């Protein structure tokens, strides 16, 4: 497994070098996108949303099930927030950061930040403790979502804003570079969706610092590896926002729960 790769800084626009790197490998890593104080403000905002949802016994947001778990002290926590940008002013303001618009060039005309579509801004909180259930995620591509919905496979990128500094032993995002260019058969059958957690000889470990931004193509095979450490050292938080194209399809409180979302329990 490789852990070394080229990283970049996001300036006024994406450079030709950055575009070429992304097109070739299906991912890109920008250093120091947000400052430490912004990281902390986002984490504190998530805790406020968490308290409201737990107190209100919220089960779904816009049809998307909320994933609850248990912290190291046995306290109930939210481990996967959907559409969190719609539930706190700090997160809504962050989603409007104009720098996100620069990233749309990775898709081209018609691309937009999907803060009101798919699952909106997703906030994941992983912790590896004695009662943890949300510690990893098996191999998958995000393109399966469109296929389940009977839609054409539209471009979709996942923008990750990392709120934790990771070492290899902390687990986290693993990708198979270049697989965004695979054919439909490979997209469907290269791995067993979500149930396969094996280490692939060709996988690359994404190693961010808190405040970094990464982008990976939704057609890329990827997984979230379980932390090899337990306790507080294993805690990691990351935000994902989709960049999408195609027909505008916002969700609201009346949106149905999609078929594949009913099987969220396989993500452990």
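Below are the figures for this structure:
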item	result
All positions within region 1-29 that are surrounded by 12 or more Cβ atoms within 10 Å (Cβ to Cβ), part of a helix (DSSP H, G or I) and free of Cβ contacts under 8 Å to residues at least 24 places away in the same chain	18, 21, 23
Scope region 180-199; condition without any contact (Cβ under 8 Å) to a residue 60 or more places away in the chain and touching a strand residue (DSSP E or B) at 6+ places or on another chain (Cβ under 9 Å); matching residues	190, 191, 192, 193, 196, 198
Residue 128 being part of a loop (DSSP other than H, G, I, E, B) and either surrounded by 17 or more Cβ atoms within 10 Å (Cβ to Cβ) or modelled with pLDDT of 95 or more (or both)	yes
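Conditions (1) modelled with pLDDT under 95; (2) more than 23 Å from residue 173 (Cα to Cα), marked per residue:
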position: 4; (1), (2): yes, no
position: 36; (1), (2): no, no
position: 46; (1), (2): no, no
position: 60; (1), (2): no, yes
position: 78; (1), (2): no, no
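The values are calculated or read from the model by the stated rules, or taken from the named source; none is laboratory data. Bear in mind the structure is a predicted one, so any value in this text is a computation, not a measurement. FYI the Cβ positions are ideal-geometry reconstructions off the backbone, even for glycines, and counts take in every protein chain you see.
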